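The next block holds one structure in the form of structure tokens; read it before the comments.
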Amino acid sequence: MTSACILGCSGPRLTADERDFFRDARPWGFILFRRNVETPDQLRALTRSLRECVGREDAPILVDQEGGRVQRLGPPHWPKYPTARAYGRAAGGDPARTRELVRLGARLMAEDLRRVGITVDCVPVVDVPQPGAHEIIGDRAYGEDPDTIAVLGRAAAEGLIAGGVLPVIKHIPGHGRATADSHHDLPVVDASLEALEASDFRPFRALSDMPMAMTAHVVYRAIDAKRPATTSKKAIRLIRERLGFDGLLMTDDLSMKALQGSFEERAAASLKAGCDLVLHCNGDMAEMRAVLEGVTKLKGEGKRRAAEVMRRFVRDPEPFDEAEARARFDEAFVGAVTASSGPPAGEA
């Protein structure tokens, strides 16, 4: 049976220990980082090896390929993509043109990913940045207005889906107010529920039909004053009921320092709170073994949602002229400011 987890690996090729561990652990899927990426041929071999370990040719393989400072596949073998915020500038502020460019960029990313066996992209970021918040979101967001972010987030998701890659909306129910980077500290948000409803929650509610979402390791005092959303039953209930999300809900990385307790405890608490899957990214074998002690087999509603995700994959991607599309995309960004600002997010 499949375990309720997504795991990483340590390098560009699997070790013998990793092969044995993954064969026994049988995670639902895997996630890749820059440390796992060298060349297209190497990456195709790695994704094939990961699937062979679990005996499932369609086992999901994830990556964070946003563009800007969060891009795991990059030059010289893959294009450098712009930040989310840069699309509006390249389109001269025209909403329809911006939406077209966002969808086109995501469609091109999907082509890059699917070609090397990656089938899930942890995009779009639909957090709503707030003044005074930590820069960890910053230009990873499509703008500052929740309705604009919702529209452009859907455009990105549509582009990925059309190319045979599924999106993951993040970081539900919203990381835009956090005054700390959850990779290093536990952010606490003091905003009222009314303020969260008016802004932070809106893109997530608008995209509640998406197949997957990733939680935020953030305490929202108005929801649960003690626990971050990832391990809070109250927050997960709000995500399911108030935001209407019934897709597959995965945690953000359990190795982030916002969470407390052993890895076994973190995994168990996340699943007990209502997450369907836990995510562990850094490929550390000792940590992964501990995570596995805290996870259950994928069952019940989680199993149902996971099966629904597998049905959402587009088997035959939308036809398009890749060379023409890439030329059109590149032309739109000639002279546009695409430099990233802020610290790298979740690099490993």
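Pull out all pairs, ordered by first then second residue, where Cβ-Cβ is under 7 Å, the residues are six or more apart or on different chains, the first lies in region 4-28 and is under 13 Å from residue 51 (Cβ atoms) and assigned to a helix (DSSP H, G or I), and the second is among the aliphatic types (A, V, I, L, M) and at pLDDT below 95.
none
Go through the residues of region 183-196 one by one and say whether even a single one is hydroxyl-bearing (Ser, Thr, Tyr), over 16 Å from the mean Cα position of the chain (by Cα) and modelled with pLDDT under 95. Write out each step before concluding.
Of all residues in region 183-196, those hydroxyl-bearing (Ser, Thr, Tyr) come to 192.
Still in the running and over 16 Å from the mean Cα position of the chain (by Cα): 192.
With modelled with pLDDT under 95 added as a condition, the list becomes none.
No, every residue in region 183-196 fails to be hydroxyl-bearing (Ser, Thr, Tyr), over 16 Å from the mean Cα position of the chain (by Cα) and modelled with pLDDT under 95.
List, please: which pairs have Cβ atoms under 9 Å, are six or more places apart or on different chains, and start with a residue in region 111-130 that is within 23 Å of residue 315 (Cβ to Cβ) and touching a residue at least 24 places away in the same chain (Cβ under 8 Å) and end with one that is acidic (Asp, Glu) and part of a helix (DSSP H, G or I)?
These pairs meet every condition: 111/322; 116/41; 118/112.
Of the numbered conditions (1) in contact with a Ser or Thr (Cβ under 9 Å, 6 or more places away or on another chain); (2) over 27 Å from residue 197 (Cα atoms); (3) touching a residue at least 40 places away in the same chain (Cβ under 8 Å), residue 66 fails exactly one; give the number of that condition.
Failing condition for residue 66: (2).
For residue 318, only one of the following conditions fails: (1) surrounded by fewer than 18 Cβ atoms within 10 Å (Cβ to Cβ); (2) assigned to a helix (DSSP H, G or I). What is its number?
(2)
Does region 127-152 hold any residues that are crowded, with 24+ Cβ neighbours inside 10 Å and over 20 Å from residue 178 (Cα atoms), and which are they?
152 - this is the single residue of region 127-152 that is crowded, with 24+ Cβ neighbours inside 10 Å and over 20 Å from residue 178 (Cα atoms).
Going through 52, 57, 66 one at a time, which residue ends up being at pLDDT 95 or above, assigned to a loop (DSSP other than H, G, I, E, B) and either in contact with a helix residue (DSSP H, G or I) (Cβ under 8 Å, 6 or more places away or on another chain) or over 22 Å from residue 212 (Cα atoms) (or both)? Let's see the steps before the verdict.
Details: 52 fails: assigned to a loop (DSSP other than H, G, I, E, B); 66 fails: assigned to a loop (DSSP other than H, G, I, E, B).
57 is the lone residue from the list that is at pLDDT 95 or above, assigned to a loop (DSSP other than H, G, I, E, B) and either in contact with a helix residue (DSSP H, G or I) (Cβ under 8 Å, 6 or more places away or on another chain) or over 22 Å from residue 212 (Cα atoms) (or both).
Hey, among the residues in region 175-226 that are out of contact with any strand residue (DSSP E or B) (no Cβ under 8 Å at 6 or more places or on another chain), among the hydrophobic types (A, V, I, L, M, F, W, C) and crowded, with 20+ Cβ neighbours inside 10 Å, which one's nearest to residue 269 (Cα to Cα)?
Only one residue fits best here, namely 223.
So in region 81-110, with the set limited to residues that are in contact (Cβ under 8 Å) with a residue 60 or more places away in the chain and in a loop (DSSP other than H, G, I, E, B), which one is surrounded by the most Cβ atoms within 10 Å (Cβ to Cβ)?
Looking at residues that are in contact (Cβ under 8 Å) with a residue 60 or more places away in the chain and in a loop (DSSP other than H, G, I, E, B), I get 84.
Does region 309-325 contain at least one residue that is out of contact with any His (no Cβ under 6 Å at 6 or more places or on another chain), at pLDDT 95 or above and more than 23 Å from residue 118 (Cβ to Cβ)?
yes
Being touching a Pro at 6+ places or on another chain (Cβ under 9 Å) and among the charged types (D, E, K, R) is the filter here, so list the residues in region 210-251 that pass it.
242 - this is the single residue of region 210-251 that is touching a Pro at 6+ places or on another chain (Cβ under 9 Å) and among the charged types (D, E, K, R).
Among what's in region 275-315 and is of a type in the set (D, E, K, R), touching a Gly at 6+ places or on another chain (Cβ under 8 Å) and in a helix (DSSP H, G or I), pick the residue that is nearest to residue 216 (Cα to Cα). Break it down into steps so the answer makes sense when it comes.
Filtering region 275-315 for residues of a type in the set (D, E, K, R) gives 276, 284, 287, 289, 293, 297, 299, 301, 303-305, 308, 311-312, 315.
Those still in the list that are touching a Gly at 6+ places or on another chain (Cβ under 8 Å) too: 276, 305, 308, 315.
From what's left, in a helix (DSSP H, G or I): 305, 308.
Values: 305: 20, 308: 23 Å.
Within region 275-315, the match that is nearest to residue 216 (Cα to Cα) is 305.
Does residue 251 fit the bill of being buried (at least 24 other Cβ atoms within 10 Å of the Cβ), under 19 Å from residue 282 (Cα atoms) and not charged (D, E, K, R)? Even if it seems obvious, please write down each step before you answer.
Values: buried (at least 24 other Cβ atoms within 10 Å of the Cβ): yes; under 19 Å from residue 282 (Cα atoms): yes; not charged (D, E, K, R): yes.
Spelling it out, residue 251 is indeed buried (at least 24 other Cβ atoms within 10 Å of the Cβ), under 19 Å from residue 282 (Cα atoms) and not charged (D, E, K, R).
May I ask you to verify whether residue 7 is within 22 Å of the chain's Cα centre (by Cα) and within 15 Å of residue 78 (Cβ to Cβ)? Break it down stepwise before answering.
Values: within 22 Å of the chain's Cα centre (by Cα): yes; within 15 Å of residue 78 (Cβ to Cβ): no.
Answer is no for this residue.
Is it the case that some residue within region 154-161 is part of a loop (DSSP other than H, G, I, E, B) and at pLDDT 95 or above?
Taking region 154-161 first, the residues part of a loop (DSSP other than H, G, I, E, B) are none.
No, region 154-161 contains no residue that is part of a loop (DSSP other than H, G, I, E, B) and at pLDDT 95 or above.
For residue 306, work out the one condition from (1) among the hydrophobic types (A, V, I, L, M, F, W, C); (2) modelled with pLDDT under 95; (3) in contact with a strand residue (DSSP E or B) (Cβ under 8 Å, 6 or more places away or on another chain) it doesn't fulfil.
Going through (1) among the hydrophobic types (A, V, I, L, M, F, W, C); (2) modelled with pLDDT under 95; (3) in contact with a strand residue (DSSP E or B) (Cβ under 8 Å, 6 or more places away or on another chain) one by one, residue 306 breaks only (2).
The values are calculated or read from the model by the stated rules, or taken from the named source; none is laboratory data. Since the structure is predicted, the reported quantities are computational estimates derived from the model, not experimental observations. Virtual Cβ from ideal backbone geometry, glycine too; neighbours counted across all protein chains shown.
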